[in-house]
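Just below is one structure, and these are the notes that go with it.
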Amino acid sequence: MIMIIEVVKIIVLPLIALIIGIFLMGLARMITARIHWRYGPPITQPLIDMVKFFDQRGISHGFIFDFGIILSLAGSIVLVLFIPFCKIAPLSNSGGLLVILYLMLITPLGIALSSGASGNPNASIGISRKFMLALGYEVPFILIILTIMKSYNSLSLIDIVNVQQAGTWSIISSLPLFLTGVAYFLILPAILGVRPFDMTTAPQEISSGPKVEYSGKYLALLSIEHALTLYIGLTLFVNLFLGGSANFILFFIKILIVFIIGLFINAVFPRFRIEQALKYLWGIPTLLALAGLILTMII
Amino acid sequence: MDRNKISKWLKGPAKMGHKYSLSAIYFCTGCGIIEVPPVITARWDAERFGVIPVASPRQANLFLITGYVSLKTLKAIIRTYEQMPDPKYVVGFGSCPINGGMYWDSYNTIKHLDKYIPVDGWIAGCMPRPEAIFIGVTHLWTLIDKDMAKGYVKYREKYESYRKNQEQILGKLEWKPLYPIRRRK
């Protein structure tokens with residue numbers, strides 16, 4: 001019986017993640033429109049787009065093109081299973097933060113493989129930017145993860161969430177964790193790939209970068225993957241710093257608040273160039289994360 | 001969403017998807033492109049109709065031919081059109097693609113665009129106002145609803161004659177035919 005419940009959880013969790021991700025995408029387009037003082041699309045617009053993409057004729061560019069996109073989607077789905085959502089956490093006991101750190105690289109890698117096989121120069125520029133950006137945010141991200149591991153003496157996300165449930169949220173529990181939380185929030189747009197850091201998929205410069213050759217069903221898979229990426233970045237933040245939640249509604253509200261604050265930044269800021277992004281990411285966020293790590297080690 | 005719409009969604013979700021999610025390719029084919037930025041930005045906001053500009057023809061299903069078509073542009077237009085995935089709609093914008101407009105006696109512009117690629121709808125005027133694009137879009141919705149926006153099917157069926165017209169005006173084309181050409185005995 002327990003076995004069956006576990007299997008059901010493994011099937012249901014990616015679906016929940018997908019629904020939340022698509023909802024957030026629709027909300028993003030709606031709120032951005034309101035900030036620009038226009039009416040904006042209906043909240044179901046990403047879903048309508050996805051229905052259209054699935055009906056269109058997709059054009060393949062060989063085996064690696066098909067394989068890479070499935071690899072990145074599989075990476076995202078597995079990553080979803082490792083992050084606890086309320087009480088549903090099918091694989092969180094077996095992995096922990098180290099596995100999450102590794103799995104986070106599979107998604108960009110799969111897209112790189114796939115769009116590299118299309119042979120479009122715009123796609124290769126986009127991929128090189130994506131990896132440089134990943135280099136930028138991985139450094140503070142690893143420092144942040146180290147700080148959390150050290151201060152809770154645990155690798156398991158479930159333990160960290162439980163400690164926070166018993167006490168206070170980690171972002172307000174101590175000074176080093178507060179610094180770390182701020183650093184994570186500052187690099188969150190880079191992890192999600194939204195506006196100040198969307199030089200990877202800049203439509204005006206490199207005709208939407210890696211996804212330039214995607215059409216039809218491939219584009220649908222890509223937008224599913226984008227929805228999952230949004231979900232992963234936000235739930236990781238909520239679980240690590242805002243104490244997760246046993247209650248679904250409370251958890252969702254926390255995700256929503258973090259996302260909407262990020263959205264305000266997304267709606268008003270212009271795009272960084274790649275070297276400006278690296279300068280930013282290796283500047284204040286890295287220093288904050290480093291300060292947090294050193295303080296945790298001393299105290 | 002009214003009840004009528006829900007039954008339509010249940011009957012044919014794909015068709016409604018094509019109808020309410022038009023990705024227009026952002027490709028400057030003529031002077032009419034100057035009307036497109038106000039349409040897609042905050043002043044006239046095309047996104048509330050589901051029209052959004054995309055950068056690559058692979059992701060697009062709506063092609064706006066904005067303004068006059070010179071010989072070189074025609075070449076690019078044909079290549080872009082052939083790269084778009086299959087349910088695709090072409091709208092001629094302005095009077096130049098309809099019948100030449102003010103370039104009616106020019107030696108290097110195309111007078112009738114629909115001899116070279118199938119066009120699903122026209123928006124007349126020089127220049128049409130941005131509101132005219134929205135009227136065009138709502139007309140296109142009606143056409144899609146009634147299965148009348150079948151330009152891409154027509155292109156597939158009558159590809160030989162379209163290709164013949166293209167070769168007549170552009171000389172030998174350096175790309176392969178999109179569909180197999182049947183030789184007549």
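Since every read-out is calculated from the coordinates, none of them should be taken as a lab result. What you see is a predicted model, and the numbers here were worked out from it, not measured in a lab. Glycine also receives a Cβ, built like all others from the backbone with ideal geometry; neighbour counts cover every protein chain displayed.
At a glance:
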| read-out | value |
| --- | --- |
| Peptides A:119-129, B:151-161 ordered by average Cβ neighbours within 10 Å, highest first | A:119-129, B:151-161 |
| Coil-residue trypsin sites (Lys or Arg not before Pro) of segment A:1-57, DSSP, other Cβ within 10 Å capped at 13 | A:Arg57 |
| Equivalent ellipsoid semi-axes, segment B:3-170, via Cα gyration tensor eigenvalues times 5, rooted, Å | 26, 20, 13 |
| Segments A:43-49, A:223-229 sorted - mean Cβ within 10 Å per residue, highest first | A:223-229, A:43-49 |
| Whole-angstrom Cα spans of segment B:1-95 along principal axes, big to small | 47, 31, 24 |
| Expected 222 nm ellipticity per residue - DSSP helices of 4 or more, -39500 (n - 2.57), all of chain B, to 500 | -11500 deg cm²/dmol |
| Shielding by partners - mean other protein chain Cβ count within 10 Å, residues of A:207-219 | 4 |
| Coordinate range along principal axes, alpha carbons of segment B:13-53, Å, largest first | 36, 22, 10 |
| Above-threshold pairs, the threshold being 25 Å between Cα atoms, out of A:Lys52/B:Lys72; B:Lys72/B:Lys158; A:Lys9/B:Lys11; A:Lys9/A:Lys211; A:Lys9/A:Lys130 | A:Lys52/B:Lys72; A:Lys9/B:Lys11; A:Lys9/A:Lys211; A:Lys9/A:Lys130 |
| Sorted peptide list for B:97-104, A:156-163, B:10-17, criterion being average Cβ within 10 angstrom, highest first | A:156-163, B:97-104, B:10-17 |
| For segment B:142-185, size of Cβ-based charge dipole, Lys and Arg +1, Asp and Glu -1, in debye | 360 |
| Taking N as its residue count, the alpha carbon Rg of segment B:64-127 over 2.2 N^0.38 Å | 1.05 |
| Between segment A:84-124 and segment B:9-52, the alpha-carbon center distance in angstrom | 32 |
| Burial ordering of A:Glu213, B:Glu82, B:Glu131, fewest other beta-carbon atoms within 10 Å first | B:Glu131, B:Glu82, A:Glu213 |
| DSSP bridge pairs, segment B:3-170: antiparallel proportion in percent, nearest 5 | 5 |
| Candidates per trypsin sites (Lys or Arg not before Pro) in segment A:226-291, loop by DSSP, up to 12 other Cβ within 10 Å | A:Arg273 |
| Histogram of C-alpha separations across segment A:1-152, 10 Å bin width, % | 9, 25, 35, 26, 5, 0 |
| Percent of beta bridges antiparallel (DSSP, the protein assembly as shown, rounded to nearest 5) | 15 |
| Percent of Cα pairs exceeding the 18 Å cut-off, where the set is segment A:3-54 | 47 |
| Whole-Hz ³J(HN,Hα) from phi, Karplus 6.51 cos²θ - 1.76 cosθ + 1.60, for segment A:211-224, glycine and proline x | 8, 5, 9, 7, 8, x, 5, 4, 5, 5, 4, 5, 6, 4 |
| Cα centre as origin, Lys/Arg/Asp/Glu Cβ charges: segment A:204-299 dipole, Debye | 80 |
| Amide H within-cut-off set for B:Ile123, under 5 Å, with H built and near neighbours excluded | B:Gly92, B:Phe93, B:Gly94 |
| Cα extents of segment A:206-248 along the three principal axes, largest first (Å) | 41, 21, 8 |
| Reduced Cα scattering model of chain A, Debye log10 I(q)/I(0), q = 0.07, 0.09, 0.10 Å⁻¹ | -0.26, -0.44, -0.55 |
| Local net charge near B:Pro85, Cβ-Cβ under 9 Å (Lys/Arg +1, Asp/Glu -1) | +2 |
| Summed residue charge, Cβ within 15 Å of B:Asn61's Cβ, Lys/Arg positive, Asp/Glu negative | +3 |
